[in-house]
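The values are calculated or read from the model by the stated rules, or taken from the named source; none is laboratory data. These figures come from a predicted structure and were not determined experimentally. Every residue, glycine as well, gets a Cβ built from its backbone with ideal geometry; the counts of neighbours run over all protein chains shown.
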Amino acid sequence: MKVTIIIPSLNPDEKLEEVANGLIDAGYEDIVIVNDGSDEAHLDPFKALEAKPQCTILTHEVNKGKGRGLKTAFSYILENRTDIDGVITVDGDNQHQVKDITACGQMMVQEKDAIVLGCRDFSGKDIPTRSKFGNKLTSFIFRVACSVNISDTQTGLRAIPVQYLKYMLEIEGERFEYETNMLLSLKTYKIPYKEVKIETVYIEENQTSHFNPIVDSFKIYRVIFKFMFSSVAASIIDIIIFAILVRITGSVLDIKLSVFVSTFGARAVSSIFNCIFNKKAVFKSDAPIVKVLVKYYILSVIQTAISYLSVMGITTLLALAAEPLIVLSKVVVDVLLFFISFKIQKVWVYKN
């Protein structure tokens, strides 16, 4: 197994040396450590490790973020390590055990074309609340909105085959959100992934982590919700147009025809926005526009029909006549259809 270990680090304590020395003792001969703009008081670990032949220190003059630190290492490796199997990213706070690092590397070499994620078990009572809640929430959103099923979305232990590093440089994000973007991009680049169960270690309740629960969580979830924004915006447009059309047609048409005209009229307007925005900004699909439009409107017609039949069924079953109640039934139906539609759009309509 010929791999390069990557350790991004900001203002480390003695744990960074413990991690590197443990890897050296285990036989790892190539360790790239990125000093991400650490202050003068925290330079000793880098100086000590720089003296070791197994270690290479790359330095940012100012703090640029974990994502940029990883990209700096990836670029260096692509230029200077052309004969390795891949890289393994490791956190410098001693949370990743050598045996788990080795297990991830071995599976990467065995699978050859899969990124391997070292995944922790978050069911234990000793897991910090912010980590347990954050991982469960992100995993749920990944699974429901993005069709990516990963049990530990926050893991920093990742074994990446060298052929994928060029793609890793294309992924957006400079700080903690980069690692989330990487996972979301696995489907975009059609990169398979495997999981290896690893020991769950939280030292001093993870106090040395530079993850800001508010700022960095916002960046992470902003990336995820970008995938959902287009459909939500289109749904809002659809409901507004529907409400306007129901008011206009309600006085001149019977209730069934009014709902029919309003449903299809609203969908015609919202679908134009949704299709264009999804292709350009959300899925960044390079599929031919004609092919996308055909698939999109096939899905849109089916979804609209289901929406109409459902709203009509609810209206009839509950004998609804008031406009606000009809609109409310439309909202409930479309929220349910939203999740189904989003998955179909991602895996079929905008497939590159």
Query - Failed item in (1) surrounded by fewer than 18 Cβ atoms within 10 Å (Cβ to Cβ); (2) touching a helix residue (DSSP H, G or I) at 6+ places or on another chain (Cβ under 8 Å); (3) of a type outside the set (S, T, Y), with A114 passing the rest - result: (1)
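Looking for whichever is within 29 Å of L184 (Cβ to Cβ) and modelled with pLDDT of 90 or more here; the options are V335, V294. Which one fits?
Details: V335 fails: modelled with pLDDT of 90 or more.
Of the residues listed, the single one that is within 29 Å of L184 (Cβ to Cβ) and modelled with pLDDT of 90 or more is V294.
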**Report entry** Positions within region 299-330 being under 18 Å from I255 (Cβ atoms), hydrophobic (A, V, I, L, M, F, W, C) and touching a residue at least 24 places away in the same chain (Cβ under 8 Å), in sequence order
**Finding:** V311, M312, A321, I326, V327
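Is it true that S139 is within 30 Å of I340 (Cα to Cα), within 11 Å of the chain's Cα centre (by Cα), in the same structural domain as N63 (by TED's automatic domain parsing) and loosely packed, with under 14 Cβ neighbours inside 10 Å? Let's see the steps before the verdict.
Details: within 30 Å of I340 (Cα to Cα): yes; within 11 Å of the chain's Cα centre (by Cα): yes; in the same structural domain as N63 (by TED's automatic domain parsing): yes; loosely packed, with under 14 Cβ neighbours inside 10 Å: no.
Taking the combined requirement at face value, the residue does not satisfy it.
Can you tell me which residue among V294, V252, V246 is surrounded by fewer than 17 Cβ atoms within 10 Å (Cβ to Cβ) and either part of a helix (DSSP H, G or I) or in contact (Cβ under 8 Å) with a residue 24 or more places away in the chain (or both)?
On the way: V252 fails: either part of a helix (DSSP H, G or I) or in contact (Cβ under 8 Å) with a residue 24 or more places away in the chain (or both); V246 fails: surrounded by fewer than 17 Cβ atoms within 10 Å (Cβ to Cβ).
Just a single option satisfies the conditions, and that option is V294.
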Query raised in the report: Across region 138-165, what is the number of residues that are hydrophobic (A, V, I, L, M, F, W, C) and more than 16 Å from E179 (Cα to Cα)?
Result: 4
Query raised in the report: Which ones in region 143-183 are crowded, with 19+ Cβ neighbours inside 10 Å, of a type in the set (D, E, K, R) and under 18 Å from K226 (Cα atoms)?
Result: R175, E177, E179
Report summary line: Across (1) modelled with pLDDT under 85; (2) touching a Phe, Trp or Tyr at 6+ places or on another chain (Cβ under 7 Å); (3) of a type in the set (S, T, N, Q), T304 clears everything bar (1)
Report task. Would you point out the residue of region 11-21, among those that are in a loop (DSSP other than H, G, I, E, B) and in contact with a His (Cβ under 9 Å, 6 or more places away or on another chain), that is farthest from A103 (Cα to Cα)? Result -> N11
**Report entry** Residues within region 117-138 that are touching a helix residue (DSSP H, G or I) at 6+ places or on another chain (Cβ under 9 Å), in a helix (DSSP H, G or I) and among the hydrophobic types (A, V, I, L, M, F, W, C), tallied
**Finding:** 1
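A26: modelled with pLDDT of 95 or more and under 29 Å from E111 (Cα atoms), yes or no?
yes
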Query raised in the report: Looking only at residues in region 300-319 that are surrounded by fewer than 17 Cβ atoms within 10 Å (Cβ to Cβ) and of a type in the set (V, I, T), which one is farthest from the chain's Cα centre (by Cα)?
Result: T316
Report summary line: Sole miss for Y193 among (1) surrounded by fewer than 19 Cβ atoms within 10 Å (Cβ to Cβ); (2) farther than 26 Å from D286 by Cβ; (3) modelled with pLDDT of 90 or more is condition (2)
